[in-house]
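The values are calculated or read from the model by the stated rules, or taken from the named source; none is laboratory data. The model shown is predicted, which means the values in this text are computed figures rather than measured ones. Positions of Cβ are generated from backbone atoms using ideal geometry, with glycine treated the same way; all protein chains shown enter the neighbour counts. For accessibility, only protein heavy atoms count, side chains too; no ligands or nucleic acids. Shrake-Rupley method; radii C 1.70, N 1.55, O 1.52, S 1.80 Å.
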Amino acid sequence: MAKSSSATASASATRKWCSRGGTLTLEEVKTLGRELLSSRAHLNHAPSLLALLSPSAPLDLALEALISLQSFFVPLVPSIPSVSAAATAGDAGSDPELVFGAWLRQRFDELVAALVELSVSPHSDDAIRDVALDALMDFVKLGKDGKFQSAIYHKFLHAVVHASDSVDPLLELLGSKYFKYTDVCYFTYTSVDKIANSLGSKTTDSGKDALQNGSNGCAIFIHNIYNLLAHVPVMDYQKESTFEMWSAVGLSPKREKDCSKDSSSTVYIKKKIKLKFTKAWLSFLKLPLPLDVYKEVLASIHQNVIPSMSNPAILCDFLTRSYDIGAVISVMALSGLFILMTQHGLEYPKFYEKLYALLTPAVFMAKHRSVFLQLLDTCLKSSYLPAYLAAAFAKRLSRLALSVPPAGALIIIALIHNVLRRHPSVNFLVHWEVDENDSNAGGEASQPKKIGADPFNNDEADPAKSGAMRSSLWEIDTLRHHYSPAVSRFVTSLEEDLTVRAKTTEMKITDFSSGSYATVFRDEVRRRIKQVPLAFYRTTPTSLFQGSDFPGWTFGDQSNSTVDTTVEGNETIETVGATDSTPSKRLRVEA
């Protein structure tokens with residue numbers, strides 16, 4: 001009985017909540033909501049219901065209060081005065097309607113703040129967060145004359161960015177429900193631009209190093225900005241012909257005559273979206289990004305950012321600065337930089353020198369090696385590439401083949417195969433007989449070559465001074481004896497005459513760029529092995545011969561046999577007999 005009474009008391013306690021007016025039950029909250037919607041005489045119920053909009057309030061009470069307040073304010077949103085007009089009316093205090101408008105403005109701001117808190121707080125239940133977000137977005141689209149309430153939406157995104165806890169559930173909800181609307185995406189970019197500029201102005205030079213190391217509190221805000229931008233879907237401006245809007249007006253031009261033409265309106269909307277998208281990303285990239293965010297941005301910038309920008313060449317400073325950092329950052333920045341060079345006319349004088357310096361053993365074990373190696377093959381495809389550069393890259397790759405894993409050696413063989421096929425002028429690297437009295441004239445090749453010494457300098461950063469033109473690909477010959485059968489078999493592809501382009505084809509780097517120890521082992525296991533005779537027994541033999549080898553004979557243990565000796569003429573005949581009446585074998589022994 002004691003347990004049941006305590007359970008009843010706790011259940012009744014959950015049905016009550018202490019508000020400004022005292023303890024309320026669910027039925028009392030419903031009564032307050034009905035009275036508030038019925039007459040202005042019960043306007044004072046609004047503060048009591050607003051007090052229930054808290055993440056710590058009971059779920060049923062908060063939901064009931066939220067639904068009642070939403071039903072009360074939705075019809076009044078277009079008539080609610082602005083903040084400045086409400087302040088003027090409050091100072092005057094003469095007209096009751098103006099006083100009521102000022103009071104309504106104040107209560108509405110409290111409701112918006114409560115909805116933002118319910119949406120962003122990690123302590124909110126999923127049900128109340130979903131309803132609060134829907135109510136907030138309903139107020140956003142119910143502006144004056146059907147305009148988008150950007151001020152309310154900006155307050156919401158400001159709270160999302162400055163949240164100290166994870167906002168991933170909220171962003172998932174926002175992305176699935178509202179980021180499909182073009183005007184929501186447009187005002188998201190607008191707010192991100194303002195918030196990023198404000199955050200960048202507060203970041204001092206002394207705090208940038210700490211921010212990049214992740215020890216500054218602003219790093220959390222930068223993570224939130226990136227997660228917000230990452231959840232906004234990338235629009236396909238080539239195929240997109242119609243745009244779905246959340247608000248009634250949307251993003252139509254101000255002049256009505258422009259709205260009459262669908263084609264011109266679509267072009268206008270695309271232009272505005274691209275402009276805001278560009279401003280938002282530029283403001284974000286100016287921030288001192290933490291290292292993990294930096295890597296994620298570089299990994300996706302060539303797919304999700306550059307195609308949607310109004311002028312992608314603006315990113316040249318960010319990408320060239322990233323490319324000059326070195327190590328994995330340069331590897332990841334290569335994709336975006338390559339697109340700017342090939343599609344948007346960017347000139348980068350020392351591009352191949354930087355690319356040459358990135359060829360280290362660590363590249364073949366990096367996470368993003370697949371994209372890098374494919375771009376490397378593409379960069380070496382141009383027929384205008386000087387011979388010394390092609391030779392330097394081929395020699396650098398062949399030297400790396402001595403220290404990389406088997407999967408990396410396969411990629412290197414494929415890359416060198418393509419380089420030799422595209423640039424016949426460097427095919428002498430494959431087989432070059434050196435004469436002690438021979439010396440080529442001109443350039444670095446004028447120096448005499450010594451037998452047994454490799455003139456190639458692997459530590460030289462400048463490919464023109466590496467001495468590759470006086471060297472050979474002797475490292476490839478060592479791969480014939482590689483411990484991995486896949487490598488030793490594949491290296492034979494370089495024995496063909498690659499100068500005859502009609503008889504050879506380029507190798508697809510995509511088939512090898514994602515290789516690893518696991519893929520090499522899996523491919524080797526799946527290979528069909530030719531069946532050959534093996535010297536082993538499937539079962540342990542019990543005798544020297546099998547019974548099927550000599551029909552009519554049996555071979556048993558001699559310890560169980562008896563030997564009888566008889567003499568016939570000049571010969572002695574021994575008869576070996578078994579104890580179990582088995583056939584016996586006669587042995588002839590010369591006397």
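Data for the structure
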| quantity | calculated |
| --- | --- |
| Unmet requirement for residue 166, which otherwise passes all of (1) touching a residue at least 12 places away in the same chain (Cβ under 8 Å); (2) assigned to a helix (DSSP H, G or I) | (2) |
| Criterion: over 27 Å from the mean Cα position of the chain (by Cα), at pLDDT below 85 and not aliphatic (A, V, I, L, M) - qualifying residue of 489, 480, 501 | 501 |
| Residue, surrounded by the most Cβ atoms within 10 Å (Cβ to Cβ), within the stretch 466-503, restricted to residues that are touching a Phe, Trp or Tyr at 6+ places or on another chain (Cβ under 7 Å) and not hydroxyl-bearing (Ser, Thr, Tyr) | 468 |
| Hey, residue 395 surrounded by 19 or more Cβ atoms within 10 Å (Cβ to Cβ) and among the basic types (Lys, Arg) or not | yes |
| Which listed residue, of 352, 388, 384, is over 28 Å from residue 308 (Cα atoms), hydroxyl-bearing (Ser, Thr, Tyr) and crowded, with 16+ Cβ neighbours inside 10 Å | 388 |
| Scan of the stretch 399-431 for residues that are open to solvent by 20 Å² or more (accessible area, probe 1.4 Å) and not in a helix (DSSP H, G or I), ordered by number | 402, 403, 405, 430, 431 |
| Test for residue 98: is it more than 30 Å from residue 199 (Cα to Cα) and at pLDDT below 90 | yes |
| Leading residue by the ranking (farthest from the chain's Cα centre (by Cα)) among those in the stretch 519-539 that are modelled with pLDDT of 70 or more and in a loop (DSSP other than H, G, I, E, B) | 539 |
| Tally of residues being surrounded by fewer than 18 Cβ atoms within 10 Å (Cβ to Cβ), out of contact with any Lys or Arg (no Cβ under 8 Å at 6 or more places or on another chain) and either modelled with pLDDT of 90 or more or over 23 Å from residue 106 (Cα atoms) (or both) across the stretch 1-29 | 17 |
| Test: residue in the stretch 185-200 that is modelled with pLDDT of 85 or more, assigned to a loop (DSSP other than H, G, I, E, B) and not polar (S, T, N, Q) | no |
| Filter result (in a helix (DSSP H, G or I) and more than 24 Å from residue 430 (Cβ to Cβ)) within the stretch 337-362 | 337, 338, 339, 340, 341, 342, 343, 351, 353, 354, 357, 362 |
| Spans of helices (runs of 4 or more DSSP H) in the stretch 220-322 with at least 2 residues open to solvent by 30 Å² or more (accessible area, probe 1.4 Å) and modelled with pLDDT of 90 or more | 262-285, 291-300 |
| Residue within the stretch 157-179 that is more than 26 Å from the chain's Cα centre (by Cα) and small (Gly, Ala, Ser) present | yes |
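Residues checked against (1) in contact (Cβ under 8 Å) with a residue 60 or more places away in the chain; (2) open to solvent by less than 60 Å² (accessible area, probe 1.4 Å); (3) over 30 Å from residue 224 (Cβ atoms); (4) not small (Gly, Ala, Ser):
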| residue | (1), (2), (3), (4) |
| --- | --- |
| 62 | yes, yes, no, no |
| 70 | yes, yes, no, yes |
| 78 | yes, no, yes, yes |
| 98 | no, no, yes, yes |
| 111 | yes, yes, no, yes |
| 124 | yes, yes, no, no |
